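Written below as structure tokens is the structure these notes are about.
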Amino acid sequence: MITRLLSALSLFSLIVVPAAAQEKAAANNFKISLVANIEMKSTTINIAIDATTDFAYSWQQEAKTRTLMVGDMTVVAKTKDVTVMDLKMGRAGMFGTMQGKELNIKFEDAPDELKTLLKDSFDAPLCKNEVDENGVVTSEKIVAGPGSKTLVETGMIANSSFFHPPFFAAKNEWQSVNGVGVGKGVASGKLKYTKIAGAKEGFQTVSVAGTLNADGLKLENGGTVKKGNYKITGTQTYDLKRKEWVDGKVKIDLEFDYELNKVVGAGKGKMTLDFSVVDKK
């Protein structure tokens, strides 16, 4: 059940200029709200899923190293107007309902398997990235504990990196590889970032466009994506003084064919991702 919950995030679904080496590490806190409306059809199924996933995360910056940690995550999912999941998970525990069953489990009361999952998945380092002066990731090392296996495999690192591409002050347009979590993997591809005139002083807004490819990825129902395209359009804004992305919104139009037990099906839908920085007081 716990694995299925975390996997649901990706099914319904996601650097800055380094500070001086001698400076104290700075934590930048963010949140993403992902709204998904997806239909899947074949000769054996016809299902529509409406889901909203909210999660908080932070990138801690020290010199050229960025460390990712995920905070609380909430998933609300409906099918045929029936709520099948309404759960909040975090370091404190798991609270809400799943398939009509109430689940209110504090960390200290959790069974060992769940306790390990919560401890390793939330408010704990998941990965460490080395970046250059433009925020290009030059190396990535997963440092997560074993309890975070499902969270990592279903694309949380990609989702938490999506709104943090490189920023090039001297370029008006550039491309960067990006991705979002899909099933047990990541749909990936190059996105184009183009500066837009008219942003308020001290900020730079860019348009975001491109298509991510999901071919070959495994879905949570055991199926395999045979052909999957995620078309991305949107904007996001960079704070020139802060040297950080602080706001963004993208829309994803998705279509995919899949195969499950020799039955071929198709899926389509829309996703919207809203991103913002969180200034903790």
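According to a simple spin-label model (label point 7 Å from Cα along Cα-to-Cβ), what is the distance in nm between Ala92 and Val177?
3.9
Please state the relative contact order of the range 25-167 as a whole percent: Cα pairs under 8 Å, 6+ residues apart?
Details: 292 pairs, mean separation 23.8, N = 143.
Once normalised by length, the contact order is 17 percent.
Between Val82 and Glu102, what is the spin-label point distance in nm, taking each point 7 Å from the Cα along the Cα→C-beta axis?
2.0
What percent of all Cα-Cα pairs in the range 23-65 falls in each 10 Å bin, counting up from 0?
Taking all Cα pairs of the range 23-65, the binned fractions are 22, 26, 21, 16, 12, 3 percent.
Using only alpha carbon positions, build the gyration tensor of the chain, then give the equivalent ellipsoid semi-axes as the square roots of 5 times its eigenvalues, largest first, whole angstrom.
Details: eigenvalues 188, 117, 53 Å².
After scaling each eigenvalue by five and taking roots: 31, 24, 16 Å.
Estimate the FRET efficiency between Glu113 and Glu201 by the formula 1/(1 + (r/R0)^6), using the beta-carbon distance for r and 35 Å for R0, to the nearest 0.05.
Computed FRET efficiency for Glu113 and Glu201: 0.10.
Using the crude model of +1 on Lys and Arg Cβ and -1 on Asp and Glu Cβ, and no other charge, please compute the dipole size for the range 2-278 relative to its Cα centre, in debye to 20. Write out the running numbers ahead of the final one.
Details: 35 positive and 32 negative charges, 95 e Å.
It comes to approximately 460 debye.
Using label points projected 7 Å from each Cα along Cα→Cβ, tell me how many nm separate Asp274 and Ser33, to one decimal.
So the label points at Asp274 and Ser33 sit 0.3 nm apart.
Bear in mind that the values in this text are calculations on the coordinates, not laboratory data. Bear in mind that the values here come from a model prediction, so they are computed numbers and not experimental data. Here the Cβ is made from the backbone with ideal geometry for all residues, glycine too, and neighbour counts use every protein chain on show.
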